[in-house]
Amino acid sequence: MTVESTAARKPRRSAGTKSAASRRAGAAAKAAPGAEPELVQLLTPEGKRVKDATHDAYVADITPEELRGLYRDMVLSRRFDAEATSLQRQGELGLWASMLGQEAAQIGSGRATRDDDYVFPTYREHGVAWCRGVDPTNLLGMFRGVNNGGWDPNSNNFHLYTIVIGSQTLHATGYAMGIAKDGADSAVIAYFGDGASSQGDVAESFTFSAVYNAPVVFFCQNNQWAISEPTERQTRVPLYQRAQGYGFPGVRVDGNDVLACLAVTKWALERARNGEGPTLVEAYTYRMGAHTTSDDPSKYRADEEREAWEAKDPILRLRAHLEAEGHADEAFFAELEMESETLGKRVRDVVRAMPDPDHFAIFENAYADGHALVDEERAQFAAYQASFADEGEGK
């Protein structure tokens with residue numbers, strides 16, 4: 001596998017696309033290049049550098065080495081994500097939530113944070129975890145069922161993954177209010193998706209953060225599909241405009257442009273540290289794969305839509321820029337390919353060495369003391385598990 005093929009890895013074209021297209025008329029036109037709403041962009045889909053009056057200064061002095069670092073981050077995080085998807089298909093993980101297509105939003109925003117900032121993710125922020133120094137293999141224990149999160153949140157200021165949709169925004173707001181009272185100049189960033197933006201917890205977070213001027217950045221990755229529901233079924237206005245009603249700024253950024261995501265997030269975090277309160281950043285991107293490995297996106301969206309967004313692949317975009325500006329040569333890409341292969345092998349080896357989940361752990365810690373119903377359910381589950389052994393013995 002070459003780095004280029006790793007970067008350009010795409011879901012297979014699926015059957016049933018005509019019915020999906022008919023259910024969502026005009027989807028391809030909506031996603032066509034040039035049809036997106038106005039947003040902050042510093043790299044065009046062709047990799048051409050453009051200027052932005054407000055945010056360009058935050059990356060104006062970026063070096064070729066730093067650009068190569070962003071490219072490396074995106075390629076390796078995508079490789080990790082692809083390996084995890086494959087491992088789930090092989091039965092090694094119970095589930096996996098892929099970030100395919102969202103690498104620029106995650107790497108750009110993740111690299112904008114400082115070590116003393118605190119990050120509250122949902123369950124798809126594998127690229128952000130990479131930026132915070134969390135070993136990617138530690139993300140997999142939860143999806144294998146052997147732990148509830150394989151890292152100490154305080155060691156990297158990166159909270160455990162949150163499965164309850166939107167609740168982490170309240171945690172982030174409370175933490176931000178706390179550090180503000182402590183007089184710290186650090187900031188907090190909370191990640192969530194377009195689907196979570198419809199949750200009441202997110203609305204409450206906006207209210208409290210605005211009233212208390214909390215130093216928090218709400219980073220919404222709008223990948224346009226909350227499982228099978230398109231964004232337009234959740235809101236009548238662009239998501240970033242919701243911030244106006246709460247009294248703080250909102251901005252929409254090209255979520256496939258790693259430079260723009262880096263610049264806008266730096267700007268928003270700077271506002272937070274300077275005591276200017278919260279910001280809502282909407283990274284307008286696209287989920288090129290399934291919502292999770294239990295999902296089949298061909299049932300609800302058109303291939304034409306996905307193909308239009310694949311032409312704006314965030315990794316290919318930065319590679320085009322690196323090559324056009326002479327910032328990377330074939331030796332760099334070859335070395336990165338070797339690093340990618342090494343990472344893939346390590347991920348496979350670590351996961352396959354993990355123990356099988358303890359199937360009975362679900363019954364522990366449900367109550368402080370014993371409970372008759374839990375005891376009954378445990379016994380029923382034990383009998384169910386034993387039935388498989390009986391079948392294997394031909395009984």
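FYI, it's all coordinate maths here, none of it is from the lab. The structure displayed is predicted, hence computed values, not measured ones. With ideal geometry, Cβ positions are generated from the backbone for all residues, glycine too; neighbour counts draw on all protein chains shown.
Mind checking the full-extension length gain between GLU307 and THR342? Use 0.36 nm per residue of separation minus the Cα-Cα distance, one decimal, nm.
9.6 nm
Here are some values of volume of the Cα convex hull per residue in Å³: (1) 155; (2) 171; (3) 117. Which one was computed from this structure?
(2)
What residues have an amide H closer than 5 Å to that of TRP225, excluding those fewer than 5 places away on the same chain, when H is modeled at 1.01 Å from N in the peptide plane?
ARG287
What's the magnitude of the charge dipole for the range 232-279 around its Cα centre, counting Lys and Arg as +1 and Asp and Glu as -1 at the beta-carbon? Answer in Debye, nearest 20.
It works out to roughly 180 debye.
Which one, THR207, MET288, VAL59, is farthest towards the positive end of the dipole of the chain when Lys and Arg carry +1 and Asp and Glu -1 on their Cβ?
MET288
Once you sort the root eigenvalues of the Cα gyration tensor of the range 330-395 as a ≥ b ≥ c, which label holds: rounded (a/c under 1.5), prolate (a/b larger than b/c) or oblate (the other case)?
oblate
So, R0 is 35 Å and r is the distance between the beta-carbons of GLU204 and ASN274; what FRET efficiency does that work out to, to 0.05?
0.90
Explain nothing, just compute: Karplus ³J(HN,Hα) = 6.51 cos²θ - 1.76 cosθ + 1.60, θ = phi - 60°, for every residue of the range 322-338 in order, whole Hz, x for Gly and Pro.
Rounded to whole hertz, the list is 4, 5, 5, 8, x, 8, 8, 10, 5, 4, 4, 5, 5, 5, 5, 4, 5.
Could you work out which residue, out of ARG317, ARG378, ARG242, moves most in a Gaussian network model of the chain, that is, has the largest mean-square fluctuation with Cα springs under 10 Å?
Most flexible of the set in this elastic network: ARG378.
Say each of ALA53 and ASP185 gets a label point 7 Å from the Cα, pointing the same way as Cα to Cβ; how far apart are those two points in nm?
Placing both labels 7 Å beyond Cα along the Cβ direction yields 2.9 nm.
What FRET efficiency comes out for the pair GLU46/GLN385, r = Cβ-Cβ distance, R0 = 51 Å, nearest 0.05?
E(calc), rounded to 0.05, equals 0.35.
What share of the DSSP beta bridges in the chain is antiparallel, in percent to the nearest 5?
10 percent
Could you tell me which of rounded, prolate or oblate describes the range 200-253, using a ≥ b ≥ c as the square roots of the eigenvalues of the alpha-carbon gyration tensor, with rounded for a/c under 1.5 and, failing that, prolate when a/b is larger than b/c and oblate otherwise?
Taking the square roots of the gyration eigenvalues as a ≥ b ≥ c, the range 200-253 is prolate.
Compare the Cα positions of ASN274, GLY166, VAL347 along the charge dipole of the chain (+1 at Cβ of Lys, Arg; -1 at Cβ of Asp, Glu; about the Cα centre) and return the one farthest towards the positive end.
GLY166
Going by average Cβ neighbours within 10 Å, how do the peptides 155-166, 105-116, 302-313 rank, with the highest at the top?
Ranking the peptides 155-166, 105-116, 302-313 by packing returns 105-116, 302-313, 155-166.
For the range 223-342, just say rounded, prolate or oblate: build the C-alpha gyration tensor, square-root its eigenvalues into a ≥ b ≥ c, call rounded for a/c under 1.5, and beyond that prolate if a/b exceeds b/c, oblate if not.
Judged from the Cα gyration tensor, the range 223-342 comes out oblate (a/c at least 1.5, b/c at or above a/b).
How big is the dipole moment of the chain about its Cα centre under a simple scheme where the beta carbon of each Lys and Arg is +1, that of each Asp and Glu is -1, and everything else is neutral? Debye, nearest 20, please.
Charge dipole, the chain, about its Cα centre: 1100 debye, nearest 20.
Counting pairs on different chains as well as pairs 8 or more places apart, how many Lys pairs in the chain have Cα atoms under 22 Å apart?
13
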